[in-house]
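Contents: one structure, followed by commentary.
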Amino acid sequence: MSQPSTLIIADDHPLFRAALHQAVARWLPDAKIVEAGSVAALEQAANEHPDADLILLDLRMPGVQGLSELMELRIRHPGIPVALISAVESATIARKAIACGASGFIPKSASIEEIGSMLRALLAGEIVAPRSFAEASADDAERKFARAVAALTPQQYRVLMLLARGYSNRAIAKDIDVVVATVKAHVTVILRKLGLERRTQAALHAQRLLAADSLPPDMDERADNDGED
């Protein structure tokens with residue numbers, strides 16, 4: 001006899017979290033449901049339930065920048081599938097999320113019946129998105145870069161995220177409490193793993209992949225600070 005499923009619901013809005021809890025309980029009455037109202041609570045829940053069957057992650061939780069928390073979860077807890085829940089119904093964001101390793105994208109406007117159908121498909125190992133998003137598949141370059149990012153260690157991923165925010169090597173070293181030489185070594189390995197030559201290339205690709213909104217029009221015109229400390 002199979003064990004009951006364990007689902008982690010991560011959403012900062014108590015009313016929607018309760019509604020999603022109700023939807024899960026309706027369609028999966030034997031499921032163990034763990035709620036998390038913050039990023040910190042989500043990390044704790046994932047650590048305490050490493051064999052969870054699914055994380056339902058709100059795209060716009062406070063402290064979550066774009067798809068960064070999705071990537072954090074995929075790197076730290078690769079064995080737990082993650083599906084995004086979002087009030088922003090965007091085929092582009094759904095495409096990026098799936099390229100970043102999400103198992104699905106569920107719009108908050110979906111009916112309880114639709115959510116139930118998607119949950120069953122997710123727990124069966126399927127990739128799930130609204131039918132209207134079906135044509136929004138990730139291009140090969142985007143998918144390849146997402147796989148390379150997912151192969152980074154947690155520390156390398158943190159360095160890449162700080163690069164994407166425009167941090168210098170010295171600022172990164174202070175943030176992660178290492179010496180500058182260690183940061184430079186991390187950057188070298190990151191570039192090799194991503195198949196890139198310059199730190200600004202890595203930063204720009206990361207910004208584009210993880211952004212849940214459009215990039216500023218001048219993003220490509222920012223100065224190259226590859227040589228900074």
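Say we look at region 1-20 and pick out the residues that are free of Cβ contacts under 8 Å to residues at least 40 places away in the same chain and surrounded by fewer than 18 Cβ atoms within 10 Å (Cβ to Cβ); which of these is farthest from the chain's Cα centre (by Cα)? Show your work before the answer.
The first filter runs over region 1-20 and keeps only residues free of Cβ contacts under 8 Å to residues at least 40 places away in the same chain, leaving 1-4, 14-15, 17-19.
Still in the list and also surrounded by fewer than 18 Cβ atoms within 10 Å (Cβ to Cβ): 1-4, 14-15, 18-19.
Numbers: Met1: 33, Ser2: 29, Gln3: 27, Pro4: 25, Pro14: 21, Leu15: 23, Ala18: 22, Ala19: 23 Å.
Out of the qualifying residues, it is Met1.
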Original post:
Would region 40-61 turn up any residue that is under 16 Å from Pro107 (Cα atoms), part of a loop (DSSP other than H, G, I, E, B) and β-branched (Val, Ile, Thr)?
Top reply: no
Original post:
When only residues in region 48-59 that are crowded, with 18+ Cβ neighbours inside 10 Å and modelled with pLDDT of 90 or more count, which is nearest to the chain's Cα centre (by Cα)?
Top reply: Leu57
Original post:
So which residues in region 156-212 are closer than 16 Å to Lys144 by Cα and among the polar types (S, T, N, Q)?
Top reply: Gln201, Gln207
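Can you tell me which residues in region 73-85 are outside any loop (DSSP other than H, G, I, E, B) and either without any contact (Cβ under 8 Å) to a residue 12 or more places away in the chain or surrounded by 20 or more Cβ atoms within 10 Å (Cβ to Cβ) (or both)?
Of region 73-85, the ones outside any loop (DSSP other than H, G, I, E, B) are 73-76, 82-85.
Hits for region 73-85 are Leu73, Arg74, Val82, Ala83, Leu84, Ile85.
Condition (residue is touching a Leu at 6+ places or on another chain (Cβ under 7 Å) and under 24 Å from Val24 (Cβ atoms)) applied to region 107-120: is it met by at least one residue?
Applying the first criterion (touching a Leu at 6+ places or on another chain (Cβ under 7 Å)) to region 107-120 yields 119.
Then keep just the ones that are under 24 Å from Val24 (Cβ atoms); that gives 119.
Yes - at least one qualifying residue is present in region 107-120.
Considering Gly63, Gly101, which residue is open to solvent by 20 Å² or more (accessible area, probe 1.4 Å) and within 11 Å of the chain's Cα centre (by Cα)? Reasoning before the result, please.
On the way: Gly63 fails: within 11 Å of the chain's Cα centre (by Cα).
One residue alone meets the criteria, Gly101.
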Original post:
With respect to Tyr167, is the statement that it is touching a helix residue (DSSP H, G or I) at 6+ places or on another chain (Cβ under 6 Å) and under 24 Å from Val189 (Cα atoms) true?
Top reply: no
Original post:
With respect to the numbered conditions (1) open to solvent by 30 Å² or more (accessible area, probe 1.4 Å); (2) among the basic types (Lys, Arg); (3) at pLDDT below 90, which one is the sole condition not fulfilled by Lys96?
Top reply: (1)
Original post:
Counting just the residues of region 23-47 that are among the charged types (D, E, K, R) and closer than 21 Å to Gly63 by Cα, which one comes out modelled with the highest pLDDT?
Top reply: Glu35
Original post:
What pairs can you find where one residue is in region 105-120 and at positive phi and at pLDDT 90 or above, the other is open to solvent by less than 40 Å² (accessible area, probe 1.4 Å) and part of a strand (DSSP E or B), and their Cβ atoms are less than 6 Å apart, with a gap of 6+ or different chains?
Top reply: none
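The values are calculated or read from the model by the stated rules, or taken from the named source; none is laboratory data. For clarity, every value in this text was computed on a predicted model and none was experimentally measured. Positions of Cβ are generated from backbone atoms using ideal geometry, with glycine treated the same way; all protein chains shown enter the neighbour counts. Accessible surface is based on the protein model in full, side chains and every heavy atom, while ligands, DNA and RNA are left aside. Shrake-Rupley method; radii C 1.70, N 1.55, O 1.52, S 1.80 Å.
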